[in-house]
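The values are calculated or read from the model by the stated rules, or taken from the named source; none is laboratory data. Bear in mind that the values here come from a model prediction, so they are computed numbers and not experimental data. We place every Cβ from the backbone using ideal geometry, glycine too, and count neighbours over all the protein chains shown. The protein model used for the area step is the full one, side chains on, heavy atoms only, and it has no ligands, DNA or RNA in it. Shrake-Rupley method; radii C 1.70, N 1.55, O 1.52, S 1.80 Å.
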Amino acid sequence: TYDHGAIVRGDRSKKKVAFTGDTFADGGEIIANTLKAKHVNASFFLTGNFYRNPAFERVIRRLKSDDHYLGAHSDKHLLYCSWTDRDSLLVSKEEFSNDLLANYSAMERFGIKRKDAHYFIPPYEWYNDSISKWTTQLDIQLINFSPGTRSTADYTTPDLKNYRSSETIYNSIINYEKTKPAGLNGFILLMHIGAGPDRTDKFYKRMPELIKYLKLKGYHFQTVDQLLKAE
């Protein structure tokens with residue numbers, strides 16, 4: 001399934017979990033330990049800011065050594081287009097290209113080459129047709145999370161209007177799986193690798209429970225390149 005040129009869902013027979021990171025990585029070790037214990041491989045889309053942060057080097061190398069997919073999420077976490085007018089670009093093609101390529105340059109330090117990280121999640125998970133076109137011209141494939149659950153709200157804090165508790169987020173995923181004809185087949189389920197100190201209700205602590213539930217339902221977890229290889 002595509003939206004504005006980005007792949008947002010796979011072939012509806014496989015499962016995928018993706019994480020993004022820019023400023024916070026407080027869930028990194030917990031997430032890595034959970035995935036290893038559950039024998040699950042996931043995909044992590046991180047900004048250049050994240051890759052360059054010395055405090056995050058250990059968790060990045062851990063994720064790579066555990067055979068997770070490491071991809072790009074822009075270098076400086078730019079907002080590409082207006083929230084109120086999606087067609088209104090806030091960056092030029094040159095600014096977009098330079099920023100994204102800088103993200104890939106930061107990844108090279110960890111031995112991650114562009115050809116091995118073909119898929120890219122846009123910052124803020126917000127983009128338009130122009131961004132999709134420019135991404136394709138760089139021989140990179142834009143993807144985004146599958147809509148329908150509240151998983152992306154795991155970064156929100158109680159002072160925000162869009163705050164969602166971990167219980168609410170968890171139930172939204174389970175209810176979607178139960179009520180939709182195809183369940184979570186082919187789903188790109190996006191969560192964040194960190195939420196910062198102002199959110200004490202960390203959703204990544206519910207990951208063992210969520211993975212157990214989905215495995216009992218017959219789901220198989222794959223990295224994004226495995227899930228989308230047919231596309």
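Spatial offset of the stretch 60-122 relative to the stretch 173-229 amounts to 22 Å, using the alpha carbon center of each. Charging the Cβ of each Asp and Glu at -1 and of each Lys and Arg at +1, and nothing else, the dipole of the stretch 33-154 about its Cα centre rounds to 580 debye. Kindly work out what percent of the DSSP beta bridges joining two residues of the chain are antiparallel, to the nearest 5. Beta bridges within the chain, antiparallel portion: roughly 15 percent. Just name one of 181, 223, 191: the one whose Cα is farthest towards the positive end of the charge dipole of the stretch 176-231 (beta-carbon charges, Lys/Arg +1, Asp/Glu -1). Among 181, 223, 191, the one farthest towards the positive end of the dipole of the stretch 176-231 is 181.
Other residues whose C-beta falls under 13 angstrom from the C-beta of residue 166 contribute a net charge of +2, scoring Lys and Arg +1 and Asp and Glu -1. Legend: P(r) of the stretch 65-108 from all alpha carbon pair distances, 5 Å bins from 0, whole percents, reading 5, 21, 23, 18, 15, 9, 5, 3, 1. Note on residue 116 and residue 198: their simple-model spin labels are 3.7 nm apart, each label 7 Å out from Cα toward Cβ. Measuring nothing but how far apart in sequence close Cα pairs (under 8 Å, 6+ apart) lie, relative to its length, the stretch 109-180 scores a relative contact order of 24 percent. Average accessible surface for the chain: 46 Å² per residue, computed with a 1.4 Å probe over protein heavy atoms with every protein chain in place. Rounded, prolate or oblate: which fits the stretch 154-231 when a ≥ b ≥ c are the square roots of the eigenvalues of the alpha-carbon gyration tensor, with rounded for a/c under 1.5 and prolate only if a/b beats b/c? In terms of gyration-tensor shape, prolate.
All other residues whose Cβ lies under 10 angstrom from that of residue 26 are scored, Lys and Arg at +1 and Asp and Glu at -1, for a net of +1.
Placing R0 at 35 angstrom, the Cβ-Cβ distance between residue 88 and residue 172 gives a FRET efficiency of 0.70 after rounding to 0.05.
When only the Cβ of Lys, Arg, Asp and Glu is charged (+1, +1, -1, -1), the dipole of the chain relative to its Cα centre reaches about 960 debye. Once you sort the root eigenvalues of the Cα gyration tensor of the stretch 28-94 as a ≥ b ≥ c, which label holds: rounded (a/c under 1.5), prolate (a/b larger than b/c) or oblate (the other case)? Since a/c reaches 1.5 and a/b is larger than b/c, the shape of the stretch 28-94 is classed as prolate. Each listed q (0.09 Å⁻¹) maps to a log10 I(q)/I(0) for the chain, found by the Debye formula over equal Cα scatterers with no solvent: -0.34. Helical content of the chain, expressed as a calculated mean residue ellipticity at 222 nm, amounts to -9500 deg cm²/dmol (DSSP H runs of 4 or more residues, -39,500 (n - 2.57) each, divided by residue number, nearest 500). Size of the dipole of the stretch 132-187 about the Cα centre, Lys and Arg at +1 and Asp and Glu at -1 on the beta carbon, nothing else charged, in debye to 20? It comes to approximately 200 debye.
Here residue 209 sits with roughly 90 square angstrom of accessible surface, probe radius 1.4 Å. Computed over protein heavy atoms with a 1.4 Å probe, the carbon and sulfur contribution to the accessible area of the chain reaches 49%.
Taken along the Cα-to-beta-carbon direction at a fixed 7 Å, the label points for residue 162 and residue 209 span 2.4 nm.
Here the relative contact order of the chain, from alpha carbon pairs under 8 Å that lie six or more residues apart, stands at 34 percent.
Applying a threshold of 21 Å to the alpha-carbon distances of 93/229; 115/229; 36/76; 38/180; 180/202; 16/217 flags 93/229; 36/76; 38/180; 180/202 as lying beyond it.
With a ≥ b ≥ c taken as the square roots of the eigenvalues of the C-alpha gyration tensor of the stretch 10-54, please select rounded if a/c is under 1.5 and otherwise prolate if a/b is larger than b/c or oblate if it is not? The shape class here is oblate.
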